[in-house]
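The values are calculated or read from the model by the stated rules, or taken from the named source; none is laboratory data. Treat the numbers as computed from the prediction; the structure is a model and nothing was measured. As a convention, Cβ positions derive from the backbone with ideal geometry for all residues, glycine included, and neighbour counts pool all protein chains shown. Note: areas computed on protein heavy atoms with side chains; ligands, DNA, RNA excluded. Shrake-Rupley method; radii C 1.70, N 1.55, O 1.52, S 1.80 Å.
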Amino acid sequence: RGLFNRGPQVKCLKLKHKVRTVGDAEQLALRTGGNRHTHRRKCACAACKEARDLGCEHPHKCFDKARGLLKSLPEKWNPLLNKPEDEPERLHEEDEGKTLFKSCLTTTGSLGDAFRIFADGDECPRTFAPDTTYPEEEEIIAYTDGSAINCGTKEAAAGAGVYLEEGDERNISLRIPDEVGTTNQAAELVAA
């Protein structure tokens with residue numbers, strides 16, 4: 001974990017290259033794809049010139065560090081790895097004969113595009129959509145907070161609270177049990 005939080009290249013990635021997301025790291029890692037790029041400090045390729053204009057002293061090292069960060073991700077989240085090819089069509093047996101379909105697909109688009117409906121004919125006879133209409137309710141404003149003291153010690157304690165308005169019986173404050181975790185993060189989550 002500390003491997004990717006310290007060092008001159010990590011500092012440069014954050015401050016000069018403004019890497020904040022996996023997508024930012026991916027764009028930087030792919031900058032060395034040109035045939036003019038060299039591993040030298042004074043590489044004359046466009047990517048290195050642009051990085052030096054940002055104040056980067058070692059563009060190639062930063063590109064390598066971005067690639068290293070991506071390689072540390074689990075395989076399914078690493079954008080540098082090739083996407084799995086769709087499995088070839090396979091025959092799956094059904095009661096009456098055989099039906100040909102792909103059981104594993106790489107999909108794009110919205111979540112709704114990922115669902116497949118099997119029906120007779122070219123069109124689905126009926127569409128199913130969840131009812132997304134909700135009765136109008138009174139808007140409630142609630143303030144929440146959670147905090148901890150003495151984190152990392154035996155004396156650590158955490159608490160959370162919810163406040164709606166003065167005298168409201170739903171206002172609550174509580175001590176977070178040690179089993180939940182005596183950290184600021186745990187307290188904030190309980191409060192929310």
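List of remarks:
- In region 178-192, the residues that are more than 17 Å from Thr153 (Cβ to Cβ) form Cβ pairs under 7 Å with partners that are among the charged types (D, E, K, R) and not in a helix (DSSP H, G or I), at six or more places apart or across chains, as follows: Ala191/Asp145.
- Selection count where residues are among the β-branched types (Val, Ile, Thr) and part of a helix (DSSP H, G or I), scope region 19-35: 2
- When residues of region 157-177 are limited to those that are in a loop (DSSP other than H, G, I, E, B) and surrounded by 12 or more Cβ atoms within 10 Å (Cβ to Cβ), the one farthest from the chain's Cα centre (by Cα): Asp168
- Search result, residues across region 139-156 that are open to solvent by less than 30 Å² (accessible area, probe 1.4 Å) and part of a loop (DSSP other than H, G, I, E, B): Ala156
- From the list Thr99, Thr21, the one residue that fits, being at pLDDT 85 or above and either touching a strand residue (DSSP E or B) at 6+ places or on another chain (Cβ under 6 Å) or polar (S, T, N, Q) (or both), is Thr21.
- Restricting region 178-189 to residues that are at pLDDT 85 or above and open to solvent by less than 90 Å² (accessible area, probe 1.4 Å) leaves a set whose member that is farthest from the chain's Cα centre (by Cα) is Thr182.
- Of all residues in region 36-80, exactly one satisfies the criterion of being part of a loop (DSSP other than H, G, I, E, B), open to solvent by 80 Å² or more (accessible area, probe 1.4 Å) and among the hydrophobic types (A, V, I, L, M, F, W, C), namely Leu54.
- Matching residues in region 1-18 - criterion: being assigned to a helix (DSSP H, G or I) and either surrounded by fewer than 13 Cβ atoms within 10 Å (Cβ to Cβ) or modelled with pLDDT of 85 or more (or both): Gly2, Leu3, Pro8, Gln9, Val10, Lys11, Cys12, Leu13, Lys14, Leu15
- Total residues in region 24-35, condition surrounded by fewer than 17 Cβ atoms within 10 Å (Cβ to Cβ) and modelled with pLDDT under 85: 4
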